[in-house]
Amino acid sequence: MNDLPPSPAPASVFRRLKQAYDSRAWLRWVFDGVLLVGIVAGVGLWQTRAHVKGGVVPAVTLRTLGGAPLELSALAGKPTLLAFWAPWCTVCETESRNLGWARALVGSRANVVSVATAWEAEGQVQAYAQRNGVDYPVLLDEVGLAEALKVNSFPTVYFLDESGRIKGSVVGYTTTAGLLLRTLW
């Protein structure tokens, strides 16, 4: 003999959940917040599905906007934010200030470096840097680094650990707080 009450019909369970949702503001906030975070996380995972994950950034030498060579391996020893952008990208321009603030806030604890890609003439990159007050290093992707890392939209940011291994990546506008957390964590 079973002393347990019969389980409620699925429709009545749904009805009770809806009543709780409708009558409790805090429950609506929690549910809506979890739903929003889930959607944002899902979109982020979809956007970065083809990105290189966990490996080491290729050992390449890129030229700075000033003309000096920089080996990416020289960035090892500190966490690194590696931001890919194109001079025609308006979202990149909006995010540019966040990169400058992130660089100022991390100071010597991390590297903040950008990689200009999808440009036709170096003058486009210089004009972008001047127009946006870029105060962080700009590297010129003349060797296909963006292609090797499967960057297919802009802005794209890769986050590297102290040994140069890829911790993660993000596509699209990212706030200063988001850049800082992903770089230092």
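No value in this document is a laboratory result; all are computed from the given coordinates. Owing to the predicted nature of the structure, the values given are computational and were not obtained by experimental measurement. Don't worry about glycine lacking a Cβ; one is built from the backbone with ideal geometry, like all the others, and counts go over all protein chains shown.
Key figures
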quantity	calculated
For the chain, size of Cβ-based charge dipole, Lys and Arg +1, Asp and Glu -1, in debye	720 debye
Alpha-carbon centroid distance for the pair segment 127-185 / segment 70-114, whole angstrom	6 Å
Ranked list, fewest to most other Cβ atoms within 10 Å of each Cβ, for Val34, Val113	Val34, Val113
Order of Trp101, Trp88 - criterion: other Cβ atoms within 10 Å of each residue's Cβ, fewest first	Trp88, Trp101
Computed [θ] at 222 nm, deg cm²/dmol, the chain (DSSP H ≥ 4; -39,500 (n - 2.57); rounded to nearest 500)	-13000 deg cm²/dmol
Percentage, to the nearest whole number, of Cα pairs in segment 1-94 over 16 Å apart	79 percent
Highest-first arrangement of 166-179, 74-87, 37-50, where packing means the average Cβ count within 10 Å	74-87, 166-179, 37-50
Over the chain: Kirkwood hydrodynamic radius from C-alpha pairwise inverse distances, Å	18.8 Å
Cut-off 13 Å between beta-carbons: net charge of the residues surrounding Val143, Lys and Arg +1, Asp and Glu -1	-3
